[in-house]
């Protein structure tokens with residue numbers, strides 16, 4: 001796995017440092033977008049010393065190089081996930097914070113309509129749904 005992590009960094013033209021490797025390894029294990037605090041807690045629990053500012057810098061470099069994607073779920077903070085994940089959207093519970101992936105993205109007709117009406121070429125899109133999950137609804 002470490003060789004794969006190093007090759008991702010090398011392919012992106014980035015130096016393979018211990019900090020970058022550790023953060024990329026953690027992102028590759030996570031199924032949901034994670035906050036800087038979650039990354040920092042993981043690194044501390046695995047006895048890796050990387051300060052908060054360095055984590056932010058590494059994540060910004062990952063976003064700039066297309067390794068990670070930054071998302072914001074109205075929490076006042078960013079979350080990060082690997083860009084290599086299949087295209088998906090998110091359903092976020094506003095009560096408990098649970099995040100579920102929505103993988104079927106059938107909005108091609110909407111994109112086509114936007115293109116015709118606005119003479120607009122879509123290069124990407126994001127769509128997040130906010131509401132209450134089944135567990136919180138039944139409380």
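One table, with the values for the structure above:
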read-out: Meets criteria (over 30 Å from residue 106 (Cα atoms), outside the structural domain of residue 99 (by TED's automatic domain parsing) and crowded, with 16+ Cβ neighbours inside 10 Å) for residue 47; value: no
read-out: Residue within the stretch 109-126 that is in contact (Cβ under 8 Å) with a residue 24 or more places away in the chain and touching a strand residue (DSSP E or B) at 6+ places or on another chain (Cβ under 6 Å) present; value: no
read-out: Wholly within the stretch 1-73, helices (runs of 4 or more DSSP H) carrying at least 2 residues that are in contact with a helix residue (DSSP H, G or I) (Cβ under 9 Å, 6 or more places away or on another chain) and modelled with pLDDT of 90 or more; value: 18-29, 36-45, 52-64
read-out: Among the residues listed as 82, 59, the single one being more than 17 Å from residue 101 (Cα to Cα) and touching a residue at least 12 places away in the same chain (Cβ under 8 Å); value: 59
read-out: Test: residue in the stretch 100-113 that is outside the structural domain of residue 30 (by TED's automatic domain parsing) and touching a helix residue (DSSP H, G or I) at 6+ places or on another chain (Cβ under 8 Å); value: no
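The values are calculated or read from the model by the stated rules, or taken from the named source; none is laboratory data. All figures in this text were calculated on a predicted structure; none of them were measured in a lab. Ideal geometry is used to build each Cβ from the backbone, glycine not excepted, and the neighbour counts take in all protein chains shown.
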